[in-house]
Amino acid sequence: MTDEGTQEVERRKSFEIELKRLEESAMYSSQMQFEQTKQWRGVNLLLGLPASLLAAIAGTAALVNTGGRIAAGIIALASAGFGATLTTVNASHRMNQAAAAANAYLEIQTAARQAREIDLPYLSIEEARNLLAELTARRDEQNKTAEPPNRRSYKKAQKNIDSGGQAYAVDETRII
């Protein structure tokens, strides 16, 4: 093989390795964002349900018994507190934002895997470089907009990945 041929083989191997890195980065990022989604959904329920229930109880207590005004007032204040916290934390928005980020990272992960597995052997060096640059730019743009995951999300994502949560049955006999 000529020096030029050897260089092209080495360069393709470098592209393959970098695409694997990009795929792995997106895999971890998507899993962490999915864990964030679960946490924000829990916060939303933890604050939203008591706020709604307490508001209903306060309204009922105020209407049923005029002597229950103080109790109804206290319950209404507690409900307002839950509602205010829920509004301030904005868990519903954060949940949706994390889910959107997780799905965007999954798209990048899939695109990187398909580029590595299917397209790379047939692309010119320049086409491979452009594809890698485009996928890297997508990942970097997503990193700018995604909320940084907390430590708990990181640990849960790691556990899910380690237990095969991102594995496909077809890949069991293949080394990725």
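Quick note: the coordinates plus some simple rules give every number you see, no bench work behind them. Here the structure is a predicted model, which is why all the values come from computation and not from measurement. Cβ: placed from backbone, ideal geometry, glycine included. Neighbour counts: every protein chain shown.
I'd like the full set of residues that are in contact with a Gly (Cβ under 9 Å, 6 or more places away or on another chain) and either closer than 19 Å to Arg94 by Cβ or touching a residue at least 12 places away in the same chain (Cβ under 8 Å) (or both), limited to the range 123-162. The one that is in contact with a Gly (Cβ under 9 Å, 6 or more places away or on another chain) and either closer than 19 Å to Arg94 by Cβ or touching a residue at least 12 places away in the same chain (Cβ under 8 Å) (or both): Ala157. Taking the range 116-127 as the search range and keeping residues that are within 12 Å of Arg12 (Cα to Cα) and among the hydrophobic types (A, V, I, L, M, F, W, C), which one is surrounded by the fewest Cβ atoms within 10 Å (Cβ to Cβ)? Going through the qualifying residues, I end up with Ile125. Applying the criterion of being in contact with a helix residue (DSSP H, G or I) (Cβ under 7 Å, 6 or more places away or on another chain) and surrounded by fewer than 17 Cβ atoms within 10 Å (Cβ to Cβ) to the residues of the range 79-111, the residue that is farthest from Glu134 (Cα to Cα) is Thr85. Give me the residue from the range 128-153 that is charged (D, E, K, R) and farther than 17 Å from Lys20 by Cα and, out of that set, surrounded by the most Cβ atoms within 10 Å (Cβ to Cβ). Only one residue fits best here, namely Glu147.
This table checks each residue for (1) surrounded by 19 or more Cβ atoms within 10 Å (Cβ to Cβ); (2) more than 15 Å from the chain's Cα centre (by Cα).
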| residue | (1), (2) |
| --- | --- |
| Lys38 | no, no |
| Leu49 | no, yes |
| Leu54 | yes, yes |
| Gln114 | no, yes |
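Does the range 50-71 contain at least one residue that is touching a Pro at 6+ places or on another chain (Cβ under 7 Å) and assigned to a helix (DSSP H, G or I)? No, there is no match, as no residue in the range 50-71 is touching a Pro at 6+ places or on another chain (Cβ under 7 Å) and assigned to a helix (DSSP H, G or I).
Within the range 19-36, the residues that satisfy the criterion of being buried (at least 21 other Cβ atoms within 10 Å of the Cβ) and farther than 19 Å from Gly165 by Cβ are Leu19, Leu22. Within the range 77-134, the set of residues being outside any helix (DSSP H, G or I) and among the β-branched types (Val, Ile, Thr) is empty. Take the conditions crowded, with 18+ Cβ neighbours inside 10 Å, farther than 18 Å from Arg41 by Cβ and of a type outside the set (Asp, Glu) and apply them to Arg69. Does it pass? When the stated conditions are applied, Arg69 does not pass them. Would you check which residues across the range 1-49 are farther than 23 Å from Ala146 by Cα, assigned to a helix (DSSP H, G or I) and without any contact (Cβ under 8 Å) to a residue 24 or more places away in the chain and list them? Selection gives Asp3, Glu4, Gly5, Thr6, Gln7, Val9, Glu10, Lys13, Ser14, Ile17, Leu46, Leu49.
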